[in-house]
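**Student:** For reference, the structure I am asking about is given below.
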Ligand SMILES: [Fe+2]
């Protein structure tokens, strides 16, 4: 892919607990990343108008965009759904990019939308409520590469896919995740949003070797990193975005930036339910720690 020219620095993923922090602490972050699907109500593919922005949402984003660069991190595309490719969602992202001029936009290498057999004739869908991993094989590679090409043709903005977290392993895959991502980037022109916490989660739950993963992944395609924390649930370590960044992820950040100093951005993400734990000082402290590491290597 064409790596975006602009290095952004350290940024923050927006959530409903953050508007006050964004207004009062603009010096702690270099850019904002928004999840567009959380800013509007999607009333369904057959309803016009389909998308309704939540109260004040677009006004807040336009004001914030006047002060800082912005990234778009979608959760609604479900690019790995074999039977669904939602061009209406792509059109809506293009419209939002025209309003906010994103430096780049991204989604997840996963699927979450399935046709509802009982309502398929009306375009009915089911949602899995969690992003599920795609099998890493040639057929899926071709399916997703073709969709990436359509997205890139439609939205005049670089497009990244994020490595997914998974809680059950897919047996007998043709490729490893780094191999699949390398080929996808080569074949489709997308870039990688490497979520270091997702990698850490998969290492803890499934014994994935972080060292081999980072050695096998072609880091030249990595544009952005995500940092987050998680917690234990029912014998799994989860990607819950609870509280501060998990301690081993800080080491991974330093290691990755040392190996790939061309990376354009490092984003801290947390769930709004952790705001009472982090509070304003805790958010500022995470951003400061990320910045110290960023400035050492980038
Ligand atoms: Fe992430």
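**Student:** Could you tell me whether residue 213 is outside any strand (DSSP E or B) and in contact (Cβ under 8 Å) with a residue 12 or more places away in the chain? It would help to see each step written out before you state the result.
**Tutor:** On the way: outside any strand (DSSP E or B): yes; in contact (Cβ under 8 Å) with a residue 12 or more places away in the chain: yes.
Here the answer is yes, as residue 213 does meet what is asked.
**Student:** Which of the strands (runs of 3 or more DSSP E) contained wholly in the stretch 63-181 include at least 2 residues that are over 15 Å from the mean Cα position of the chain (by Cα) and at pLDDT below 95?
**Tutor:** Numbers: elements: 70-73, 105-108, 110-115, 125-133, 159-162.
Correct list: 110-115, 125-133.
**Student:** Among the residues of the stretch 137-159, is any surrounded by 21 or more Cβ atoms within 10 Å (Cβ to Cβ) and within 16 Å of the ligand (Cβ to nearest atom)?
**Tutor:** yes
**Student:** Kindly indicate whether residue 61 is closer than 21 Å to residue 143 by Cβ and touching a residue at least 24 places away in the same chain (Cβ under 8 Å).
**Tutor:** no
**Student:** What about residue 286, is it at pLDDT 95 or above, touching a helix residue (DSSP H, G or I) at 6+ places or on another chain (Cβ under 8 Å) and within 16 Å of the ligand (Cβ to nearest atom)?
**Tutor:** Against the criterion (at pLDDT 95 or above, touching a helix residue (DSSP H, G or I) at 6+ places or on another chain (Cβ under 8 Å) and within 16 Å of the ligand (Cβ to nearest atom)), residue 286 qualifies.
**Student:** Considering only residues that are on the phi < 0 side of the Ramachandran plot, free of Cβ contacts under 8 Å to residues at least 60 places away in the same chain and surrounded by 17 or more Cβ atoms within 10 Å (Cβ to Cβ), which ones fall in the stretch 78-96?
**Tutor:** Across the stretch 78-96, the qualifying residues are 81, 84, 86, 89, 92.
**Student:** For the stretch 1-58, which residues satisfy the criterion of being in a strand (DSSP E or B), closer than 28 Å to residue 182 by Cα and either over 20 Å from the mean Cα position of the chain (by Cα) or within 16 Å of the ligand (Cβ to nearest atom) (or both)?
**Tutor:** Of everything in the stretch 1-58, those that are in a strand (DSSP E or B), closer than 28 Å to residue 182 by Cα and either over 20 Å from the mean Cα position of the chain (by Cα) or within 16 Å of the ligand (Cβ to nearest atom) (or both) turn out to be 10, 11, 12, 13, 31, 32, 33, 34.
**Student:** Do we find a residue being buried (at least 23 other Cβ atoms within 10 Å of the Cβ) and farther than 14 Å from residue 166 by Cα anywhere in the stretch 231-244?
**Tutor:** Checked the stretch 231-244: no residue is buried (at least 23 other Cβ atoms within 10 Å of the Cβ) and farther than 14 Å from residue 166 by Cα.
**Student:** Still on this model: Residue pairs, Cβ under 7 Å, 6 or more apart or interchain, first in the stretch 177-189 and on the phi < 0 side of the Ramachandran plot, second at pLDDT below 95 and crowded, with 16+ Cβ neighbours inside 10 Å. List them.
**Tutor:** Partner pairs satisfying both residue conditions: 185/1.
**Student:** Under 6 Å between Cβ atoms, at least 6 apart or on separate chains: pull out the pairs that start in the stretch 105-119 with a residue that is touching a residue at least 24 places away in the same chain (Cβ under 8 Å) and end on any residue that is part of a loop (DSSP other than H, G, I, E, B) and within 14 Å of the ligand (Cβ to nearest atom).
**Tutor:** Note: pairs meeting the criteria are 107/74; 108/164; 109/164; 110/164.
**Student:** Then there's this: Go over the candidates 225, 193, 181 one by one and state the one that is farther than 17 Å from residue 253 by Cα, within 16 Å of the ligand (Cβ to nearest atom) and buried (at least 17 other Cβ atoms within 10 Å of the Cβ).
**Tutor:** On the way: 225 fails: farther than 17 Å from residue 253 by Cα; 193 fails: farther than 17 Å from residue 253 by Cα.
When all the criteria are applied, what remains is 181.
**Student:** Looking at the structure I just gave you, is residue 204 touching a strand residue (DSSP E or B) at 6+ places or on another chain (Cβ under 6 Å) and more than 26 Å from residue 70 (Cα to Cα)? Write out each step before concluding.
**Tutor:** Details: touching a strand residue (DSSP E or B) at 6+ places or on another chain (Cβ under 6 Å): yes; more than 26 Å from residue 70 (Cα to Cα): yes.
It is true that residue 204 is touching a strand residue (DSSP E or B) at 6+ places or on another chain (Cβ under 6 Å) and more than 26 Å from residue 70 (Cα to Cα).
**Student:** Count, please, the residues in the stretch 232-247 that happen to be at negative phi and within 16 Å of the ligand (Cβ to nearest atom). If you could, list the steps in order and put the result at the bottom.
**Tutor:** Within the stretch 232-247, the first condition is being at negative phi, and the residues that meet it are 232-233, 236-240, 242, 244-247.
Cutting the leftovers down to within 16 Å of the ligand (Cβ to nearest atom) gives us 237-240, 242, 244-246.
Count: 8.
**Student:** Please go through the stretch 196-207 and pick out each residue that is within 16 Å of the ligand (Cβ to nearest atom) and free of Cβ contacts under 8 Å to residues at least 24 places away in the same chain.
**Tutor:** Selection gives 203 alone.
The values are calculated or read from the model by the stated rules, or taken from the named source; none is laboratory data. From a predicted model like this one, the values you see are computed outputs, not experimental measurements. Glycine gets a Cβ as well: all are built from the backbone with ideal geometry, and neighbour counts include every protein chain shown.
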